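The values are calculated or read from the model by the stated rules, or taken from the named source; none is laboratory data. Note that the coordinates shown come from a computational prediction; the quantities given were computed from them, not determined experimentally. Here the Cβ positions follow ideal geometry from the backbone for every residue, glycine too, while neighbour counts run over all protein chains shown.
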Amino acid sequence: MNEINDPKLQSIIATDDAYYLQAFGHRTPLCVDYGQGVYLFDTAGKRYFDMIGGIAVNVLGHAHPALTQAIALQAGKVIHCSNYFYNEPQARLAQRLGDLFGEGRVFFNNSGAEANETAIKLARGYFFKKGQPRAKIVTALQSFHGRTLATATATGQTKYSAPFAPLPEGFVYVPYNDVAALEAAVDDQTCAVMLELIQGESGVHPATLAYVDAAVAACFRTGARLIIDEIQTGVGRTGKFLASQLYGIKPHIVTLAKGLAGGVPIGVAIADQETATGFTPGDHGSTFGGNPLACAASLAVLDTLEQGHLVQKAAGLGDYFREVLTAIAEQTGLIKQIRGAGLMLGVELTLPIAADVKHRCLEQGYLIGIVGTHTLRLLPPLIIERDHIDAFATTLTAILQEATAQ
C-alpha cells in the first residue's frame, strides 16, 4: 500500500483493520465522504468521477434530488413494517415491475443473491407443486450469481464455493456460449437453466444470440424454467430496461437488484403467472424485503428513468462510448476488444496492465473497475453526458500512451 498522508484516512483504515472481518482485505486507500451527481469526494476533499457506479448500483449518480427527496419523505412516514401487513410503496412497485416484465408476479428481497435464491427455490417449488420434483439446475462456467451457499454454488467459478463445502447439490455447469454443451445438459430432470446475458464478473462477456435461443428452445422442449439473472444488466444498464429485451426473449423468471433503488438495498424476483405457482403461503419470506423505504426509493428511480428517458439515453451513450474507445484502440494499439452493451462495457487490453491503469486513473480522479490482469470494467451512472465520456477518454488515452512509452 502506498504511503497515506491523510491522518483521517489513516485512522479509518486502522479501525477497519482492527475490527472489520477481513473479507475485503486491504481496499483501495480512499474513504468516500459524499457524492454529487457523477462525482464522489473523499475525506481529503478530492473529487473523483465515478465510472464504476458502486458496481452498477448508482444509476442516478449520487445525491440525486428525486431519490433523496423520496427517501426523506418515506423515512419521515415509516421506514419498515412487517410483511404481515400491506404497505403502499410495495404494492405500487410490485405493479410497476410486474407490468414492465409483462403480467409478472413479484417477490422482494434485500439483495441480488437473495433474489437469485428466490428464483432457485421458486423453480424447484414449481415442479414439486406439480408432483414432478426436479432438482437439476444448469448454469454457465465463469458466471456469477451471488455469495450465499446456493448462489455461490450456482456460480460457475469454484473459487467462490470450494472453501465452503459441502455445497448444495443439483448444479451442473456448461461452457458459456457453447450451444452443443447446453443442449446436451438440459433434460427432463432439469428444473431450470440460469444464465446471465452478459457475464459481468468474468470480464463483461455477452451471450451470443444462438446460445440464448438454444436455452429458450431447451427449456421449451423439457419444461425447465429459464431464469435470467439481470442483477447487473437490468434497470436500463444495457440500453433496455431488461437485457432480455435486447435478445427478444421473455424468461420464466428474471432477477433484479443493484440499480433498482439507486443505492438503497433491494432485490426482486419476477416470475410469469405459471411459474409463480411454485410458491404457496409459507414457502418463502423476508423480514426486510419490500420495506416501504426501499420501495419508495425504487419508485423514484423508475420515475426518473422514465421522465429523463435515461434508458434510451444509455443506449445512445453506450454507442458513443464504444466509438470513443475504438478511436483510443486505433491511437494506442493497447485495446484488444470492447465488449458489452449500453453503459456496461469491458475493455480488454493487449497487455496485463489493468491494475496499473486502474491505479493511474485513481490518481487522475477516475474510479474504474478491473477484471483480472487485462480487462477494464466501466459501469458509470446513467446520468453521464458526452462531455464526461470525452474527458475520461482524454485521461485514458494519456495513461495508455504512457504505458506504451515505458
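Condition check for Phe220 on (1) farther than 27 Å from Val347 by Cβ; (2) touching a residue at least 24 places away in the same chain (Cβ under 8 Å); (3) surrounded by fewer than 21 Cβ atoms within 10 Å (Cβ to Cβ): one failure, at (2).
Name the residues in the range 61-96 that are outside any helix (DSSP H, G or I), touching a residue at least 24 places away in the same chain (Cβ under 8 Å) and surrounded by fewer than 15 Cβ atoms within 10 Å (Cβ to Cβ), would you? I'd like the intermediate steps shown before the answer.
From the range 61-96, those outside any helix (DSSP H, G or I) are 61-64, 76-87; that's our starting set.
Then drop every residue that is not touching a residue at least 24 places away in the same chain (Cβ under 8 Å), which leaves 61-64, 77-83, 87.
Result: Ala63, Lys77, Val78, Ile79, His80, Cys81, Ser82.
Among the residues of the range 263-293, what is the count of those that are of a type in the set (A, V, I, L, M, F, W, C), under 19 Å from the mean Cα position of the chain (by Cα) and farther than 17 Å from Leu100 by Cβ? Residues that pass the stated criteria total 1.
Taking first residues from the range 27-48 that are at positive phi and partners that are charged (D, E, K, R), the Cβ contacts under 8 Å between residues at least 6 apart in sequence or on separate chains come to Gly45/Asp33. In summary, Val174 fulfils each of the numbered conditions (1) of a type outside the set (D, E, K, R); (2) crowded, with 20+ Cβ neighbours inside 10 Å; (3) within 26 Å of Phe279 (Cα to Cα) with the single exception of condition (3). For the range 205-214, the tally of residues that are under 10 Å from Asn177 (Cα atoms) and assigned to a helix (DSSP H, G or I) stands at 5.
Residue under question is Glu117, and the condition is that it be part of a helix (DSSP H, G or I) and either within 17 Å of the chain's Cα centre (by Cα) or surrounded by fewer than 22 Cβ atoms within 10 Å (Cβ to Cβ) (or both); does it hold? Yes: the conditions hold for Glu117. Taken together, Ala215, Ala243, Ala224 contain a single residue that is within 23 Å of Leu310 (Cβ to Cβ) and of a type in the set (A, V, I, L, M), which is Ala243. In the range 120-142, the residue that is farthest from Pro168 (Cα to Cα) out of those that are of a type in the set (Gly, Ala, Ser) and surrounded by fewer than 23 Cβ atoms within 10 Å (Cβ to Cβ) is Gly131. Just one of the listed residues (Leu362, Leu378) is within 26 Å of the chain's Cα centre (by Cα) and closer than 14 Å to Thr28 by Cα, and it is Leu362. Here is the figure for the range 223-240: residues that are in a loop (DSSP other than H, G, I, E, B), farther than 20 Å from Gly262 by Cβ and touching a Ser or Thr at 6+ places or on another chain (Cβ under 7 Å) total 1. The number of residues in the range 2-34 that are more than 30 Å from Pro65 (Cβ to Cβ) and either loosely packed, with under 12 Cβ neighbours inside 10 Å or in contact with a strand residue (DSSP E or B) (Cβ under 7 Å, 6 or more places away or on another chain) (or both) comes to 16. Among the residues making up the range 319-371, a single one is free of Cβ contacts under 8 Å to residues at least 60 places away in the same chain, out of contact with any strand residue (DSSP E or B) (no Cβ under 9 Å at 6 or more places or on another chain) and closer than 22 Å to Gly259 by Cα: Asp319.
Take the residues in the range 35-60 that are surrounded by fewer than 16 Cβ atoms within 10 Å (Cβ to Cβ) and not in a strand (DSSP E or B); name whichever of them is nearest to the chain's Cα centre (by Cα).
Applying the first criterion (surrounded by fewer than 16 Cβ atoms within 10 Å (Cβ to Cβ)) to the range 35-60 yields 36, 41, 44-47, 55.
Now restrict to residues that are not in a strand (DSSP E or B): 44-46, 55.
Numbers: Ala44: 30, Gly45: 29, Lys46: 27, Ile55: 7 Å.
Taking the candidates together, the pick is Ile55.
Here Arg225 meets each of (1) surrounded by fewer than 20 Cβ atoms within 10 Å (Cβ to Cβ); (2) basic (Lys, Arg); (3) in contact with a Phe, Trp or Tyr (Cβ under 8 Å, 6 or more places away or on another chain) with one exception, condition (1). Answer yes if at least one residue in the range 151-166 is under 26 Å from Asn87 (Cβ atoms), buried (at least 22 other Cβ atoms within 10 Å of the Cβ) and either touching a His at 6+ places or on another chain (Cβ under 9 Å) or not aliphatic (A, V, I, L, M) (or both), and no otherwise. Scanning the range 151-166 turns up no residue that is under 26 Å from Asn87 (Cβ atoms), buried (at least 22 other Cβ atoms within 10 Å of the Cβ) and either touching a His at 6+ places or on another chain (Cβ under 9 Å) or not aliphatic (A, V, I, L, M) (or both). For the range 315-355, the candidate set comprises residues that are among the β-branched types (Val, Ile, Thr) and farther than 22 Å from Thr238 by Cβ; within that set, the residue that is surrounded by the fewest Cβ atoms within 10 Å (Cβ to Cβ) is Thr350. Residue count for the range 145-164 under the criterion of being under 22 Å from Arg124 (Cα atoms), part of a helix (DSSP H, G or I), in contact with a helix residue (DSSP H, G or I) (Cβ under 7 Å, 6 or more places away or on another chain) and not small (Gly, Ala, Ser): the result is 2. The test for being touching a Leu at 6+ places or on another chain (Cβ under 6 Å) and surrounded by 22 or more Cβ atoms within 10 Å (Cβ to Cβ) does not hold for Ala296. I'd like the residue in the range 1-55 that is at pLDDT 95 or above and of a type in the set (Lys, Arg) and, out of all such residues, is nearest to Leu376 (Cα to Cα). In this case the residue turns out to be Arg47.
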